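The values are calculated or read from the model by the stated rules, or taken from the named source; none is laboratory data. Source: prediction; values computed, not measured. Please note: Cβ atoms are built from the backbone with ideal geometry, for glycine as well, and neighbour counts cover all protein chains shown.
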Amino acid sequence: MPVQNGLFVTFVLSAWIRELGFRAKASADPNAEKLAAAAGLGKLNPDGRLLTPKYGTRIHVADVIRTDLPLAPDQP
């Protein structure tokens, strides 16, 4: 179920970005967990799995959305 939900969300989000007039493409990325860690969504454990404080390693990283939509980083 998490995989199906992830695919649905990335499909809808990339379609919405395209409706805004920007390019967006959802695609599988073998380094998705590393990208999620680099984005601050968690840390990588010694096995290379994404680890979050709330869910541990019970995380599924869905497809990556590549876009030219200008994004601003969150301010801590």
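Overview of results
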{"item": "Odd one out for Ala62, checked against (1) surrounded by 12 or more Cβ atoms within 10 Å (Cβ to Cβ); (2) part of a helix (DSSP H, G or I)", "result": "(2)"}
{"item": "Search result, residues across the stretch 13-42 that are in contact with a Phe, Trp or Tyr (Cβ under 9 Å, 6 or more places away or on another chain) and of a type in the set (A, V, I, L, M)", "result": "Ala24, Ala26"}
{"item": "Hits in the stretch 52-76 - residues which are more than 21 Å from Thr10 (Cα to Cα) and modelled with pLDDT of 90 or more", "result": "Pro53, Lys54, Gly56"}
{"item": "Qualifying residues in the stretch 41-70 (those that are in contact (Cβ under 8 Å) with a residue 12 or more places away in the chain and among the small types (Gly, Ala, Ser)) - the one nearest to Asn5 (Cα to Cα)", "result": "Ala62"}
{"item": "Number of the condition not met by Lys25 [criteria: (1) modelled with pLDDT of 95 or more; (2) under 18 Å from Pro70 (Cα atoms)]", "result": "(1)"}
{"item": "Filtered residues of the stretch 30-44 (kept if farther than 19 Å from Pro73 by Cβ and loosely packed, with under 13 Cβ neighbours inside 10 Å)", "result": "Pro30, Asn31"}
{"item": "Looking only at the stretch 1-22, and only at residues there that are over 20 Å from Pro70 (Cα atoms) and of a type in the set (S, T, N, Q), the one that is farthest from the chain's Cα centre (by Cα)", "result": "Gln4"}
